[in-house]
1. For segment 47-60, how many residues meet the condition of being closer than 15 Å to D81 by Cα and within 15 Å of the chain's Cα centre (by Cα)?
2. Quick check on my filter: what residues within segment 64-107 are loosely packed, with under 10 Cβ neighbours inside 10 Å, of a type in the set (A, V, I, L, M, F, W, C) and at pLDDT 85 or above?
Amino acid sequence: MTRAKFQCVRVAIEKDDQSYHAKEGTTEKMDVGIVELQAVTGGSDENKEFFASTPNGKIELRILRPEAVVQFERGKYYYVDFTAAESQLSAAPSFQRAFSAIPFSAV
């Protein structure tokens, strides 16, 4: 597992007709929660330690459930844990082979 620390920089609701859950054949726009997080850069000794390993990063979430959107607050810090998941996609092995051919220093 790899842990990163991010700060929420945006929480908004937007109308979106490109949602996976939009009804086919309709132009009806749905409310979608947008949450943006950026890697921490400073402000505390802990943030400086995270910055040393992840000096730049951004996560954007598009959320349909309002109860999930309200869990995020602009300006608040969040830990993000990355744990490898077993892939369910048939294309994943070819992607993994291509990715493994990249020298680690280039990643």
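The values are calculated or read from the model by the stated rules, or taken from the named source; none is laboratory data. If you're wondering where the values come from, they're calculated on a predicted model, not measured in any experiment. Neighbour counts run over all protein chains shown; Cβ positions are idealised from the backbone, glycine included.
1. Kept after step one, since they are closer than 15 Å to D81 by Cα, are these residues of segment 47-60: 50, 53-54, 57-59.
Keeping just the survivors that are within 15 Å of the chain's Cα centre (by Cα) gives 54, 57-59.
Count: 4.
2. F82, A84, A85
Quick grid of which residues meet (1) modelled with pLDDT of 95 or more; (2) surrounded by 15 or more Cβ atoms within 10 Å (Cβ to Cβ); (3) out of contact with any strand residue (DSSP E or B) (no Cβ under 8 Å at 6 or more places or on another chain):
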| position | (1), (2), (3) |
| --- | --- |
| R3 | no, no, no |
| F6 | yes, yes, no |
| Y20 | no, no, yes |
| D31 | no, no, no |
| L37 | yes, yes, no |
| G43 | no, no, yes |
| P55 | no, no, no |
| I59 | yes, no, no |
| R62 | no, no, no |
